[in-house]
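Report on the following structure.
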Amino acid sequence: MKYDSVILDIDGTIWNTTEIVSEAWNEAIKTYFPQVPLVSSKILQQQFGKTMKVIADNLFTALSDDEKNFLMKKCCEMEQKYLHNNVKDLTYPGVIEGIQKLSEQIPVFIVSNCQDGYIEVVIEKNGISEYITDFECYGKTGLDKSENIKLIIKRNNLMASVYVGDTKGDEEACKAAGIPFIWASYGFGLSSDFIGKLDSFEDIFLLIN
């Protein structure tokens, strides 16, 4: 085994929630700040992976900082509600089975730039709690992805981690954290510097063994 742990991104790696999330965010936008342009799943795919502050700055440009924070909070609350009520399978093919199989070989972790509580929804909705050893996010620590990766590594005494994500931001976070990056090419973004490429999640077993 090349690695002692795999750390996973969420959006664009485990699942694609952008259609449902755009509906949730648009409800919040129309309710609180109808002057703000509505979002689409395509717009969110370009934003997911960034911190919530950066997303708010990018999408809610006409608002003050306090208004951006308020609207993002309401968007996240509405998003949680929509995801809790969702009954569709939003995961990419083979991901849940792959996580289960992976966890039988090495510990699996999650690090995301998402809001606090989002990872718990992902775990609950997909029934993967027994397969995830630990997780961390921007919404809980206020730290960017590279620092949260370092936290997971330190907290769990990891020596040879690898991160799986789908965007340039994930690639750059791995460089900053000093760990290898595997690019999930089926996701939202692009990468030019990675140790391996996943055309589907199952390809990971060709790279870690």
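The values are calculated or read from the model by the stated rules, or taken from the named source; none is laboratory data. Predicted model only: the values in this text are computed from it and were never measured. Neighbour counts are summed over all protein chains in view; Cβ atoms, including those assigned to glycine, are modelled from backbone coordinates with ideal geometry. Remember, those area values only see protein heavy atoms, side chains included, never the ligands or the DNA or RNA. Shrake-Rupley method; radii C 1.70, N 1.55, O 1.52, S 1.80 Å.
A few comments on the model shown:
- Only residues that are under 17 Å from the mean Cα position of the chain (by Cα), surrounded by 15 or more Cβ atoms within 10 Å (Cβ to Cβ) and outside any helix (DSSP H, G or I) were counted in region 41-93, giving 7.
- Some residue of region 44-59 being of a type in the set (S, T, Y), out of contact with any Cys (no Cβ under 6 Å at 6 or more places or on another chain) and more than 18 Å from S112 (Cβ to Cβ): no
- So T31, is it of a type in the set (S, T, Y), outside any helix (DSSP H, G or I) and either open to solvent by 40 Å² or more (accessible area, probe 1.4 Å) or at pLDDT 95 or above (or both): no
- Close pairs (9 angstrom Cβ cut-off, 6 or more residues apart or separate chains): within 18 Å of T18 (Cβ to Cβ) in region 62-81, open to solvent by 30 Å² or more (accessible area, probe 1.4 Å) and outside any helix (DSSP H, G or I) anywhere: C76/D116
- Members of region 119-136 found to be of a type in the set (A, V, I, L, M) and under 14 Å from I99 (Cα atoms), listed by number: V122, I123, I128, I132
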